[in-house]
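Below: one structure, written as structure tokens.
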Amino acid sequence: MTILAGARVVTPGGVSDRGWLRYEGERIVAVGGGEPPHPADVVLAGGAVVPGFVDVHVHGGGGASFTGEGADEAARAVDFHRRHGTTTMLASLVTATLPELERQMNVLAGVAARGLIAGVHLEGPFLARPRCGAHAVELLRPPERGDVDRLLAAGRGAVRMVTLAPELEGGLEAVRRLARAGVLPAVGHTDATYEVARAAVDAGARVATHLFNAMPPAHHREPGPVVALLERPEVVLELINDGVHLHPAVVRGVVAAAGAQRVALVTDAMAAAGAGDGVYALGPSTVHVRDGVARVSGGTALAGSMLTMDAAFRRAVRDAGVPLDAAARAAATTPAALLGLRDVGALEPGRRADLVVLDDALAVRAVLHRGRWVDDRSPPFEG
């Protein structure tokens, strides 16, 4: 049994300014405010304790990519993001040939079976050419039923989400097919009209992939997918809160309009996150990172981000003015619920002991994953 006390503790019920949390093994057994029932094992002098972050859209980090050669590279990407507080994540793939995607998903299915990732997010190849972003335009294709089934089979049950453009030939049927298979259809990299985007939601789409990015902007005579996805309460809205993809006022406005229960902060991070400027691969595309911004070689399109979830959380609170408990919901609770994961995403009894200890500036001091401090190192504040 271990008790943490002396910091703000963020739970589904709100923020306890001087809270405590007790965990035994891998599980949280009690959470409360005020003085703990027994002397604390870990005494925190301020700061905050929030649930371990859940990232449903991440391609890599720390120099490693989920599109790489094998499971060891995927594990390095997981380890990098875990150090930044992400205790649950999907591994996102970018557009490639079908045989290459099958190879990648075969690897990641094994990584998922080991419990390192919660599943696979397939971003492409069923995307709109005019909104391809960093995806290889020559490899984009409509979502023919045989191709969709082929990729789902390659994932061996690990595919949890697929981003597609519903206006493509067969797009709405693909949304229905994915939903029937228990996979989350996500609308993204799309030129869909308002009407088609609404039809996609009617067909089962439940996610807006990086809302605003890689889709037409809202217009007062053609509201497009942004408005269609914003106004549907069953849709979770991904936001890349890195200060590059979105202005803080947009983040604040979406949270205010839709509520944190519909917002999922994501990183969309690529291998270069945490690895510095330079030249990197994002699937088959070459990406140049300069001054912390990734763009496709020879173009202006953004190519993922250098973001980590702790930075996304911190920016939400400090730059966008999102309340601490709402930011925690968007960084953990909402994405966990989206994936149907009932044992992570919140600090409450019965859930897994995944949490992030933050200092007063909201920087990571320590990360607890499955009841163990990451790297098996005792935090510097432990008595």
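Ala134: buried (at least 19 other Cβ atoms within 10 Å of the Cβ), in the same structural domain as Ala301 (by TED's automatic domain parsing), small (Gly, Ala, Ser) and assigned to a helix (DSSP H, G or I), yes or no?
no
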When the range 233-262 is checked residue by residue, the ones that are β-branched (Val, Ile, Thr) and under 23 Å from Val293 (Cβ atoms) are Ile240, Val244, Val250, Val251, Val254
Per the filter on the range 245-260, residues surrounded by 16 or more Cβ atoms within 10 Å (Cβ to Cβ), in a loop (DSSP other than H, G, I, E, B) and out of contact with any Asp or Glu (no Cβ under 9 Å at 6 or more places or on another chain) are Leu246
Cβ pairs under 8 Å, 6+ apart or interchain, first in the range 24-39 and closer than 14 Å to Thr11 by Cα and modelled with pLDDT of 95 or more, second hydrophobic (A, V, I, L, M, F, W, C) and assigned to a loop (DSSP other than H, G, I, E, B), ordered by first then second residue, are Ile28/Leu347; Ile28/Ala353; Val29/Met1; Val31/Leu347
Gly304 meets each of (1) at negative phi; (2) buried (at least 24 other Cβ atoms within 10 Å of the Cβ) with one exception, condition (1)
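Looking only at residues that are in contact with a Gly (Cβ under 6 Å, 6 or more places away or on another chain) and not in a strand (DSSP E or B) in the range 24-44, which one is surrounded by the fewest Cβ atoms within 10 Å (Cβ to Cβ)?
So in the range 24-44, the residues in contact with a Gly (Cβ under 6 Å, 6 or more places away or on another chain) come out as 25-26, 33, 43-44.
Cutting the leftovers down to not in a strand (DSSP E or B) gives us 25-26, 44.
Working: Gly25: 12, Glu26: 14, Leu44: 25.
Among them, the one singled out is Gly25.
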Report task. Could you tell me whether Asp360 is more than 14 Å from the chain's Cα centre (by Cα), surrounded by fewer than 16 Cβ atoms within 10 Å (Cβ to Cβ) and within 20 Å of Ser16 (Cα to Cα)? Result -> yes
(Q) Considering only the range 336-348, I want to know if a residue exists there that is crowded, with 24+ Cβ neighbours inside 10 Å, out of contact with any Ser or Thr (no Cβ under 9 Å at 6 or more places or on another chain) and not small (Gly, Ala, Ser). (A) no
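Can you spot a residue in the range 116-128 that is of a type outside the set (Val, Ile, Thr) and surrounded by fewer than 18 Cβ atoms within 10 Å (Cβ to Cβ)? Even if it seems obvious, please write down each step before you answer.
So the first thing to find is which residues in the range 116-128 are of a type outside the set (Val, Ile, Thr), and the list is 116, 118-119, 121-128.
Those left that are additionally surrounded by fewer than 18 Cβ atoms within 10 Å (Cβ to Cβ): none.
The answer is no, given that none of the residues of the range 116-128 is of a type outside the set (Val, Ile, Thr) and surrounded by fewer than 18 Cβ atoms within 10 Å (Cβ to Cβ).
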Checked the range 4-32 for anything in contact with a helix residue (DSSP H, G or I) (Cβ under 9 Å, 6 or more places away or on another chain) and of a type outside the set (D, E, K, R); matches are Val10, Thr11, Pro12, Gly13, Gly14, Val15
Within the range 144-196, residues being of a type in the set (Ser, Thr, Tyr) and either part of a helix (DSSP H, G or I) or outside the structural domain of Asp268 (by TED's automatic domain parsing) (or both) number 1
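The values are calculated or read from the model by the stated rules, or taken from the named source; none is laboratory data. Bear in mind the structure is a predicted one, so any value in this text is a computation, not a measurement. FYI the Cβ positions are ideal-geometry reconstructions off the backbone, even for glycines, and counts take in every protein chain you see.
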